[in-house]
Amino acid sequence: MLRVIGKRLLMLIPTLIGLSILLFLWVRNLPGGPATALLGDKASPEAIANINKAYGFDRPLIEQYFTYVGKLLKGDFGTSIVTGRSVLEEFGTRFPATVELAVVALIFAIGIGIPLGYLAARHYGRFWDHSSVVLSLIGITVPVFFLAFILKWVLAIQLGWFPTDGRQDPRINATHVTDFFVLDGLLTREWDASWDAILHLVLPAIALGTIPLAIIVRITRASVLEVQGADYVRTARAKGLMEKTIRGRFILRNAMLPVTTTIGLQTGLLISGAVLTETVFAFSGIGKFLRDAIFALDYPVLQGFIVFIAVAYSLINLLVDVSYGFIDPRVRVQ
Amino acid sequence: MFPADRVRKGRTAKKRASALTAGLALSALVLSGCAQSNREEGDGGGSGDVDGTFVFAASSDPKSLDPAFASDGESFRVSRQIFEGLVGVEPGTADPAPLLAKSWEVSEDGMTYTFALEEGVTFHDGTDFNAEAVCANFDRWYNFSGIQQAESQAYYYGMLFKGFSDSPDTATYKSCEASSDTEAVISLNKPFAGFVAALSLPAFAMQSPSAMEEFGANESSGTAEAPELTEYAKAHPTGTGPYKFNAWDVGNQITLDLNEDYWGDEEAQVTDIIFRVIDDPQARRQSLEAGDIDGYDLVAPADTEQLAAAGFKVIPRDPFTILYLGMNQQVPELADVKVRQAISYAIDKEALVSQTLPEGTKVATQFIPEVVNGYNDEVTEYAYDPEKAKSLLAEAGYPDGFTVDFNYPTGVSRPYMPTPEQVFTNLQAQLAEVGIKVNPQPNKWSPDYLDRVQAGSDHGLHLLGWTGDYNDTDNFVGVFFGQEKPEFGFNNPDIFNALEEARQVSKLDEQTPLYEQINEDIAQFVPAVPLAHPAPSLAFSERVESYPASPVNDEVFNQIKLTK
């Protein structure tokens, strides 16, 4: 197992090099330049030229690339053009927000998705099944930003059940230790701060978790359907095993393999969904930060982000592969 | 449209909690039982019965907490609470008024300014504000070097004082002398009539020399790679203002506390200010409607009526802006003054204002608002007259009109141009009436539009404008027409020289006629069509009784009056 993990980590290196070249070229070839983002409205053309020179944007691309990689290897991700802070520092302050949001979204998606998909398969062809299929179809087709907007409009603005935006009510003077706001409240025993942070998470998490939820429902349903018709299940029944054992040990466990893969993939995709969700809910995570960087053509941030996402994606995939081994011991042997 | 009673204000976490547990059974979130508040929620102990915490939505983080290195509105909004300059602004106007300097005297030749300082003023770190501190600040600006001089950093000092210690030939500033604790004498190399007015900008606010020293305010990152924020600019701004810096949670909010030792006699109701970052205008409005914030700036024109009808307080600023239609004379047709006049006659400004610009907007006849020195009541006006426009076009050799590029920005809202797309559509139709067909050239504001219009010659007609920084004519016409610029593609040495001369005349009564003449010259030359002075608005929750709206955004929150 360890060797597999080591191998996978080594494979990451060429992947990252290839990716960094491609995306570096892509980012640098976007139209426009970062100077106005830095200088503001009242900038003169000379000043814009000076900035491009200062940042080295007027140098050959190949030179820019090697300068960039050289710094990267030293752990220097550069400085955000827009905020004047180091890119790593910017990620550091925003990452907890997105992780918190993604975790709650996943809990929502998995906690509802698996039972729903399982129920649909058990009651195949009946009401439960039909409604879950329709619901998951809706979940997949409704765009994230639209859903986010509707949720906010109805549940936050009209009904007032949830806050409209942000991570926490600024009037709650909460202490922050880890920047995971829910956790912070628990650590400092400021229950109201934790609770408020949770309330702020509910709508964005639903918006963000809906697509994964819909996909998990479908995959679970299909997978359970397949497994429950398998020969070994029939054999188990014929042997007179208890239905509970058959469902838990035979069907559910075996059906979980494809579901795990799906969850892994969806976790990676949560980041892109977060760009929209965080924007609608003014939730200051890396998704919103990425959007700002795209608008301002904040090159150092975009480049840092790409490397960051590539690593995160690979690690999540690795985690999924490892978890196979626990669900299905046969994978470990192979 | 919102019925006011639907808008919930001041909901507590507990109310939300019950609504949630009733409505949704989220198994992972069974914390409701213990959602007890065991602390006071941050009321900060405000005076009287009002909630002293004031939440204002900012559209972005400040660029820097060191105002000497900032030029954007969001930075200045925060600066104005923490810092004060020698010179402030007469409330509700753009005129300079005493602040940390009680009074000042100008020498006959306009080269020496003697400032008499307030006594007993201390910075937030406990050190004294005195003449030495004043000189320390001036010398700091003058001695900026390297990346600090970039426009992205010391924009206003560079623009207004024209040079640093490494270029003494062009520099306006010469020296500062502390003749006593309470008297600072500042000498200039050449007259600068806008000097005192310029000092009202937050960029020239007084900062604590010891705090700047301690937290490395001048230790800008040496690499040319990127100007990094100093420790001081991130977390230790230290001024004399009514509020002290507390915390900056980047991307989220900035918190300021009341300065209990404030020297001024203002009794502040607002004891804690929270600037929340909400960059989407729609989200700001919704946040106000939901009661999550107390106010925000730059309300979209379409929203003002609805917000007012729903019981919110909408406060317009006196317009201190100008929106114009620029004409690039590198385009052959536009090089002909007859064509430019024809375009001026073709535009019905009244219609444009009533159809696309917010309440309170005034039609413009020249490039400065009425309150600015040199406003010329007798300036040549081009009243709406399509027939005259057509005949001028015919005289210029275009009896059937012509086609020209029209550049306008998209997806942006500026104080002087809340909805550029609408302004464009309106003008497009008006120009078509006289036979001028336009090629729409929409560009994203940042980074495409400004580059396209200001740096290159690849544009025709275009929309742009300006918000005045302080009350000085040069800050308007000098910026637009003071030198050859790709934006207008013209070279008119007469106007350039006249502006350079007027800028240096230090006596207002001598300066006024010069600027009146310049405004007339510009009207004759028609480098652009002044369209309107749009009025930006702010919106507040109903608990805000009054807000000190200022044409130049000089709003200090200790003057806000609250009802609950």
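Do we find that A:W191 is open to solvent by 20 Å² or more (accessible area, probe 1.4 Å) and either more than 9 Å from chain B (Cβ to nearest Cβ) or farther than 15 Å from A:V202 by Cα (or both) in this structure?
Here the answer is yes, as A:W191 does meet what is asked.
Identify the residue in segment B:337-372 that is of a type in the set (G, A, S) and open to solvent by 40 Å² or more (accessible area, probe 1.4 Å) and, among all such residues, is modelled with the lowest pLDDT.
This residue is B:G360.
Does segment B:274-297 contain any residue that is touching a Lys or Arg at 6+ places or on another chain (Cβ under 6 Å) and more than 14 Å from chain A (Cβ to nearest Cβ)?
No, segment B:274-297 contains no residue that is touching a Lys or Arg at 6+ places or on another chain (Cβ under 6 Å) and more than 14 Å from chain A (Cβ to nearest Cβ).
One residue is enough: does segment B:442-464 have a residue meeting the conditions assigned to a loop (DSSP other than H, G, I, E, B), in contact (Cβ under 8 Å) with a residue 12 or more places away in the chain and closer than 30 Å to B:Q511 by Cβ?
no
Hey, could you check segment B:438-457 for residues that are open to solvent by 60 Å² or more (accessible area, probe 1.4 Å) and of a type in the set (S, T, N, Q) and say which is farthest from the other protein chains (Cβ to nearest Cβ)? Lay out the reasoning, then the answer.
So in segment B:438-457, the residues open to solvent by 60 Å² or more (accessible area, probe 1.4 Å) come out as B:439-440, B:442, B:444, B:457.
Next cut, of a type in the set (S, T, N, Q) only: B:439, B:457.
Values: B:N439: 19, B:S457: 11 Å.
Result: B:N439.
Looking at segment A:109-125, is at least one residue within 11 Å of chain B (Cβ to nearest Cβ), in contact (Cβ under 8 Å) with a residue 12 or more places away in the chain, closer than 21 Å to A:D192 by Cβ and in a helix (DSSP H, G or I)?
No, that holds for no residue.
Checking the conditions here, which among B:V479, B:V529, B:V552 is at pLDDT below 90 and not in a helix (DSSP H, G or I)?
The unique qualifying residue is B:V552.
Residues in segment B:145-171 that are in a loop (DSSP other than H, G, I, E, B) and within 24 Å of the chain's Cα centre (by Cα): how many?
7
Checking A:G185 against (1) open to solvent by 10 Å² or more (accessible area, probe 1.4 Å); (2) more than 23 Å from the chain's Cα centre (by Cα), only one condition comes out false. Which one?
Exception for A:G185: condition (1).
Could you list, in sequence order, the residues of segment B:512-547 that are open to solvent by less than 30 Å² (accessible area, probe 1.4 Å) and under 30 Å from B:E266 (Cα atoms)?
Residues satisfying the conditions are B:A535, B:P536, B:S537, B:L538, B:A539, B:F540, B:S541, B:R543, B:V544, B:Y547.
One line per residue, one yes/no per condition, for (1) hydroxyl-bearing (S, T, Y); (2) closer than 20 Å to B:R317 by Cα; (3) at pLDDT 95 or above:
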residue: B:G52; (1), (2), (3): no, no, no
residue: B:D72; (1), (2), (3): no, yes, no
residue: B:R80; (1), (2), (3): no, yes, yes
residue: B:V87; (1), (2), (3): no, no, yes
residue: B:A94; (1), (2), (3): no, yes, no
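In this structure, does A:F289 turn out to be at pLDDT 80 or above, out of contact with any Asp or Glu (no Cβ under 6 Å at 6 or more places or on another chain), open to solvent by 10 Å² or more (accessible area, probe 1.4 Å) and in a helix (DSSP H, G or I)?
Here the answer is yes, as A:F289 does meet what is asked.
Suppose we keep only residues that are in contact (Cβ under 8 Å) with a residue 40 or more places away in the chain and of a type in the set (V, I, T) within segment A:169-182. Which one would you say is surrounded by the most Cβ atoms within 10 Å (Cβ to Cβ)?
It comes out as A:V182.
Within segment B:164-181, which residues are open to solvent by less than 50 Å² (accessible area, probe 1.4 Å) and over 22 Å from B:E510 (Cβ atoms)?
Once the filter is applied, which keeps residues that are open to solvent by less than 50 Å² (accessible area, probe 1.4 Å) and over 22 Å from B:E510 (Cβ atoms), segment B:164-181 yields B:F164, B:S165, B:S167, B:A171, B:Y173, B:S175, B:C176, B:A178.
Being part of a helix (DSSP H, G or I), among the hydrophobic types (A, V, I, L, M, F, W, C) and within 9 Å of chain B (Cβ to nearest Cβ) is the filter; apply it to segment A:292-304 and report the residue that is surrounded by the most Cβ atoms within 10 Å (Cβ to Cβ). Break it down stepwise before answering.
First, the residues of segment A:292-304 that are part of a helix (DSSP H, G or I): A:292-296, A:299-304.
Next, only the ones that are among the hydrophobic types (A, V, I, L, M, F, W, C) stay: A:293-296, A:301-302.
Filter once more, so that each one left must be within 9 Å of chain B (Cβ to nearest Cβ): A:295-296.
On the way: A:F295: 16, A:A296: 21.
Going through the qualifying residues, I end up with A:A296.
Quick test of your reading of the structure: A:F283 fulfils all but one of (1) within 30 Å of A:D179 (Cβ to Cβ); (2) open to solvent by 10 Å² or more (accessible area, probe 1.4 Å); (3) of a type in the set (F, W, Y). Name the failing condition by number.
(2)
Taking the condition of being surrounded by fewer than 17 Cβ atoms within 10 Å (Cβ to Cβ) and part of a helix (DSSP H, G or I), how many residues in segment B:325-336 meet it?
2
What's the number of the only condition in (1) open to solvent by 30 Å² or more (accessible area, probe 1.4 Å); (2) out of contact with any Lys or Arg (no Cβ under 7 Å at 6 or more places or on another chain); (3) within 14 Å of chain A (Cβ to nearest Cβ) that B:G411 fails to meet?
Result: B:G411 passes all but (2).
Go through segment B:102-144 residue by residue and tally those that are among the acidic types (D, E), under 15 Å from B:K174 (Cβ atoms) and assigned to a loop (DSSP other than H, G, I, E, B).
Restricting attention to segment B:102-144, the residues satisfying the condition of being among the acidic types (D, E) are B:105, B:108-109, B:118-119, B:125, B:128, B:132, B:139.
From what's left, under 15 Å from B:K174 (Cβ atoms): B:109, B:139.
This time we only want the ones that are assigned to a loop (DSSP other than H, G, I, E, B), so: B:109.
Count: 1.
Inspect segment B:256-272 for any residue being hydroxyl-bearing (S, T, Y) and either away from every other protein chain (no Cβ under 14 Å) or surrounded by fewer than 24 Cβ atoms within 10 Å (Cβ to Cβ) (or both) and give the result as yes or no.
yes
When the residues of segment A:141-156 are filtered to those that are crowded, with 23+ Cβ neighbours inside 10 Å and either at the interface with chain B (Cβ under 9 Å from one of its Cβ atoms) or over 25 Å from the mean Cα position of the chain (by Cα) (or both), which remaining residue is farthest from A:A282 (Cα to Cα)?
Per the stated criteria, the residue is A:A156.
Scan segment A:157-170 for residues that are of a type in the set (S, T, N, Q) and more than 7 Å from chain B (Cβ to nearest Cβ) and jot them down.
The answer is A:Q168, and nothing else.
Quick test for you: out of B:K507, B:K564, pick the one residue that is closer than 26 Å to B:P191 by Cβ, open to solvent by 20 Å² or more (accessible area, probe 1.4 Å) and at pLDDT below 90.
So the residue among B:K507, B:K564 that is closer than 26 Å to B:P191 by Cβ, open to solvent by 20 Å² or more (accessible area, probe 1.4 Å) and at pLDDT below 90 is B:K507.
Just to be sure, is A:D165 closer than 27 Å to A:A214 by Cα, assigned to a loop (DSSP other than H, G, I, E, B) and touching a residue at least 60 places away in the same chain (Cβ under 8 Å)?
When the stated conditions are applied, A:D165 passes them.
Which one of the conditions (1) buried (at least 16 other Cβ atoms within 10 Å of the Cβ); (2) not in a loop (DSSP other than H, G, I, E, B) does B:E387 fail to meet, given that it meets all the rest?
(1) is the only condition that B:E387 fails.
Restricting attention to segment A:270-286, which residues are hydrophobic (A, V, I, L, M, F, W, C) and either at pLDDT below 85 or farther than 17 Å from A:S86 by Cα (or both)?
A:L270, A:I271, A:A274, A:V275, A:L276, A:V280, A:F281, A:A282, A:F283
If I ask for residues that are basic (K, R), without any contact (Cβ under 8 Å) to a residue 12 or more places away in the chain and open to solvent by 80 Å² or more (accessible area, probe 1.4 Å), which ones from segment A:215-273 would you list? Spell out how you get there, then give the answer.
Let us first name the residues in segment A:215-273 that are basic (K, R), namely A:218, A:221, A:234, A:237, A:239, A:244, A:247, A:249, A:253.
Adding the requirement that they be without any contact (Cβ under 8 Å) to a residue 12 or more places away in the chain leaves A:234, A:237, A:239, A:244, A:247, A:249.
A:R234, A:R237, A:K239, A:K244, A:R249 - these are the residues of segment A:215-273 that are basic (K, R), without any contact (Cβ under 8 Å) to a residue 12 or more places away in the chain and open to solvent by 80 Å² or more (accessible area, probe 1.4 Å).
Have a look at B:I315, B:I322 and point out the one that is open to solvent by less than 30 Å² (accessible area, probe 1.4 Å), within 24 Å of the chain's Cα centre (by Cα) and more than 14 Å from chain A (Cβ to nearest Cβ).
Residue meeting the stated conditions: B:I315.
The values are calculated or read from the model by the stated rules, or taken from the named source; none is laboratory data. The structure presented is a predicted model; accordingly, all values stated were derived computationally and were not measured. Cβ atoms come from the backbone with ideal geometry, glycine included; neighbour counts cover every protein chain shown. Ligands, DNA and RNA are excluded from the accessible area calculation, which covers all protein heavy atoms including side chains. Shrake-Rupley method; radii C 1.70, N 1.55, O 1.52, S 1.80 Å.
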